[in-house]
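To keep things clear, I will list the structure first and then write my remarks on it.
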Amino acid sequence: MNEDIFLLDPYALKKEEKNALMVARLCELTHLHQEHCQAYANILESFGYANKNYGCIEDFFALPVRIFKEIDLLSSKEIVKTLTSSGTTGKVSTIYLDKLTAQLQTKALIKIMQSFLGKARLPMLIIDTKEILQDRNHFSARAAGVMGLSNFGRKHTYVLDASMQLDIGMLKDFLSKYKDQPILIFGFTYMVWEYFFKPINENKIDIDLSNAILFHSGGWKKLEHLKVSNALFKESFQKVCNLRRIHNFYGMVEQVGSIFVECEAGHLHTPNFADIIIRDPLSLEPLGMHQEGLIELCSLLPHSYPGHVLLSEDRGVILGEDDCACGRKGKYFSVLGRIKSAEKRGCSDTFIK
Ligand SMILES: [Zn+2]
């Protein structure tokens, strides 16, 4: 992949430039994977995509994301790392990374995070336990997330013990040590709420997080179950800990590095090297702005497995393009939740296109 794209501000490209870039690079990736992954080539062929011409990003064939739970798909013989994630059915997605893909993921993440954090590495509080980093060759999605984000901090402090108890002494020490400077907090949404916010709130622990920037991701499904919306999550932190800078982000293990971060205006943004399409859940026709449907994700990062165009099982809506109040270009959107019974459906019925 031509890496000049990483020299730009990650939210610099406007509609026309971005479309041209995405179509050209997705086309290259499609051909690369067709050539090096026989199973992918067979899938394209069976759906009539073997020799297709692509004029816009909506033209590409989207693999249903759950296919990575069903079969091994890889386009490289030089795998250096595997990532896994499991759904509630217990089936595991396995993603194979070569050196190039892993490097691109890191670069992409750096560009995105710098847009929100600046270039300095901040003292970092991690709402998780050190135990997740045991096996360095075989990362869980959670460990991969923590490792990825750790690059943006220093003095990494894991505040949960192995049984997910908040170490209040450690938390207070950390906060008093860095009380006059910005700090970074990272954790998975559900864990941040359950194992960080709740013990602080319930035990009336007096802490001030006005100098903190919180990044969190994943786990909305569990929070929805507890009736905690993104708005309530933010309000609660602001009220109890004076924490105002909160950025949720959306992404999936099948496209690590391509993350969509919530800006100051509360919108998830597509960076230069990723894009989204909303499709009708039944016909799979592309939908327009403000129409709710299934989220398809395009990413220019996956070179070692055919994960560059994926149909997710999440519902979303595009809210605008190039005109967000925060100044970032590109599409911005909201995630509305999962499609009903996504985990119960087989591969075959999400496979229609
Ligand atoms: Zn914005």
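The values are calculated or read from the model by the stated rules, or taken from the named source; none is laboratory data. None of the values given here were measured: they were computed from a predicted structure. When we count neighbours, we look across all protein chains shown, and the Cβ atoms used for this are built from the backbone with ideal geometry, even at glycine. When the accessible area is computed, the model is the full protein with side chains, heavy atoms only, and any ligands, DNA or RNA have been set aside. Shrake-Rupley method; radii C 1.70, N 1.55, O 1.52, S 1.80 Å.
By the rule of a C-alpha distance below 14 Å, with chain neighbours fewer than 8 residues away ignored, the aspartates and glutamates paired with K331 are E16, E17, E262, D275, E296, E321, D322, D323. The lysines within cross-link reach of K234, meaning a Cα-to-Cα straight distance under 22 Å and a gap of 8 or more places when in the same chain, are K172, K179, K198, K204, K221, K222.
Considering only C-alpha atoms, what is the centroid distance from region 307-338 to region 2-39, in Å? First find each Cα centre; the distance between them is then 18 Å.
Accessible-area rank, largest first, for H308, H290, H156, H225: H225, H290, H156, H308, with all protein chains present and a 1.4 angstrom probe.
Based on alpha-carbon atoms only, what is the radius of gyration of region 3-350 relative to the globular estimate 2.2 N^0.38 Å? Here the answer is 0.99, to two decimals.
Residues within the reach of a label modelled at C326 (point 7 angstrom out along Cα to beta-carbon, backbone nitrogen below 17 Å), restricted to region 1-40, are 9-14. Inter-label distance, T82 to S283: 4.1 nm, where each label sits 7 Å from its Cα along the C-beta direction.
Work out how much length A120 to A162 would gain on full extension: take 0.36 nm times their residue separation and subtract the Cα-Cα distance, in nm to one decimal.
Details: separation 42, 0.36 × 42 = 15.12 nm, distance 3.00 nm.
So the chain would gain 12.1 nm between A120 and A162.
Rolling a 1.4 Å probe over the protein heavy atoms of the chain, with every protein chain left in place, gives an accessible area that is 50 percent carbon and sulfur.
Averaging sequence separations of C-alpha pairs under 8 Å and six or more residues apart, then dividing by the length of region 56-195, give the relative contact order as a whole percent. Write out the running numbers ahead of the final one.
Details: 166 pairs, mean separation 32.7, N = 140.
So the answer I get is 23 percent.
The magnitude of the dipole of the chain, with charges of +1 and -1 set on the Cβ of Lys/Arg and Asp/Glu and taken from the Cα centre, is near 840 debye. One chain, two ends: K14 and D59. Fully extended at 0.36 nm per residue, the span grows by 14.2 nm beyond their Cα-Cα distance.
R154 to K107: extension gain in nm, 0.36 nm per residue of separation minus the Cα-Cα distance? Show your work: numbers first, answer last.
Details: separation 47, 0.36 × 47 = 16.92 nm, distance 1.81 nm.
Contour length minus Cα-Cα distance gives 15.1 nm.
Using a 1.4 Å probe, what is the accessible area per residue for the chain, in Å²? Walk me through the numbers on the way to the answer.
Numbers: 15840 Å² over 353 residues.
Each residue of the chain exposes 45 Å² on average to a 1.4 Å probe.
Based on DSSP, what percent of beta bridges with both residues in the chain are antiparallel, to the nearest 5? Looking only at bridges with both residues in the chain, the antiparallel portion is about 60 percent.
Positive end of the dipole of the chain (Cβ unit charges, origin at the Cα centre): among F6, L319, L243, the Cα lying farthest that way belongs to L243.
Since only S115, I277, N151 are under comparison, the one whose Cα sits farthest along the positive direction of the charge dipole of the chain, derived from C-beta charges on Lys, Arg, Asp and Glu, is N151.
The simple Förster model, with R0 at 51 Å and r as the Cβ-Cβ distance, assigns Q134 and A24 a FRET efficiency of 0.80.
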